[in-house]
Amino acid sequence: MFEELEDIKNKCLKCQKCALSKTRTNIVFSDGNPNSNLVLVGEAPGYWEDQKGKPFVGKAGQLLDKIFECVGLSREKDVYICNTLKCRPPENRDPLPEEKAACKEYLDAQLKILKPKIILICGRVALNTFLPECPSITKVRGKWFDGPNGEKMMPIFHPSYLLRNDSREKGSPKWLMWQDIKEIKKVYDEICNL
Ligand code: URA
């Protein structure tokens, strides 16, 4: 299995299917445990991810680690993390449709090999990739959806959105994330830890 993932990573390293290949420092393929049943798919690498070649290593990533830790999940051991795009869009702009289309084969191939039981769809851009019919993350976060391969999928807020919203009051984005991560852990314990 790891060899198959390595093959896809090697394809990404050589990929020139879109213009982001010209501006990237590194491709950002994944982090965490490929044996995990829990996969988080984010948006695209930012500055630090592009520098280090690892997803979610900037401020948003540090918050994501804390969110997992709050329910006893370790980023290294319990989760596999990747993005819809493997290369950084300049100035962190939203990925263009042609960039997402070019990169989709890599994400699809990763998921086909990993066969996770749970996919966390992290933020608006990932939502648009998995559930294009859902207009807004606010409306669907915290809800379970059936994935194409029998997995359970839940859209969750992106940690950068949480960084922009400080309140922890009931109903605030941070409070909602806390409800979601508790629900995710409950289902993870039911179906992933068997
Ligand atoms: N935001 C993302 O969606 N992915 C990363 O890897 C980093 C920040």
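Restricting the search to segment 136-148, which residues are surrounded by 12 or more Cβ atoms within 10 Å (Cβ to Cβ) and either closer than 20 Å to LYS117 by Cα or away from the ligand (no atom under 16 Å from the Cβ) (or both)?
Hits for segment 136-148 are THR138, VAL140, ARG141, GLY142, LYS143, TRP144, PHE145, GLY147.
Please give the helices (runs of 4 or more DSSP H) falling wholly within segment 25-85 in which 1 or more residues are near the ligand (Cβ under 10 Å from one of its atoms).
Helices (runs of 4 or more DSSP H) meeting the threshold: 47-52, 59-70.
Write out, first by first residue and then by second, each pair whose Cβ atoms fall under 7 Å of each other, whose residues are 6+ apart or on separate chains, and whose first residue, in segment 142-169, is part of a loop (DSSP other than H, G, I, E, B) while the second is of a type in the set (Phe, Trp, Tyr).
ARG168/TRP175; GLU169/TRP175
Do we have GLU98 as open to solvent by 40 Å² or more (accessible area, probe 1.4 Å) and assigned to a helix (DSSP H, G or I) here?
So GLU98 fits the description; yes.
Looking at PRO116, PRO159, can you tell me which residue is within 12 Å of the ligand (Cβ to nearest atom), at pLDDT 95 or above and farther than 23 Å from LYS17 by Cβ?
On the way: PRO116 fails: within 12 Å of the ligand (Cβ to nearest atom).
Only one candidate qualifies: PRO159.
Test GLU91 against the stated conditions and say whether it is more than 14 Å from the ligand (Cβ to nearest atom) and assigned to a helix (DSSP H, G or I).
Judged against the criteria, GLU91 is not a match.
Being surrounded by fewer than 18 Cβ atoms within 10 Å (Cβ to Cβ) and within 21 Å of PRO55 (Cα to Cα) is true for just one of ILE113, ILE184. Which residue is that?
Only one candidate qualifies: ILE113.
Go through segment 3-22 and give me each residue that's open to solvent by less than 80 Å² (accessible area, probe 1.4 Å) and more than 16 Å from the ligand (Cβ to nearest atom).
The answer is LEU5, ILE8, ASN10, CYS15, CYS18, ALA19, SER21.
From ASP108, ASP166, grab the single residue that is out of contact with any Asp or Glu (no Cβ under 6 Å at 6 or more places or on another chain) and either closer than 19 Å to LEU73 by Cβ or modelled with pLDDT of 95 or more (or both).
Numbers: ASP166 fails: either closer than 19 Å to LEU73 by Cβ or modelled with pLDDT of 95 or more (or both).
Every option except ASP108 fails the conditions.
Test GLU91 against the criterion of being out of contact with any strand residue (DSSP E or B) (no Cβ under 6 Å at 6 or more places or on another chain) and under 19 Å from ARG24 (Cα atoms), and give yes or no. Lay out the reasoning, then the answer.
Values: out of contact with any strand residue (DSSP E or B) (no Cβ under 6 Å at 6 or more places or on another chain): yes; under 19 Å from ARG24 (Cα atoms): yes.
The answer is yes for GLU91.
Taking the residues in segment 149-169 that are touching a Leu at 6+ places or on another chain (Cβ under 9 Å) and open to solvent by 70 Å² or more (accessible area, probe 1.4 Å) as candidates, determine which candidate is nearest to PRO55 (Cα to Cα).
Top of the filtered list is LEU163.
The values are calculated or read from the model by the stated rules, or taken from the named source; none is laboratory data. As the structure is a prediction and not an experimental result, all values here were calculated from the model. Virtual Cβ from ideal backbone geometry, glycine too; neighbours counted across all protein chains shown. For the accessible areas, the whole protein counts, side chains as well, though only heavy atoms, and no ligand, DNA or RNA atoms are used. Shrake-Rupley method; radii C 1.70, N 1.55, O 1.52, S 1.80 Å.
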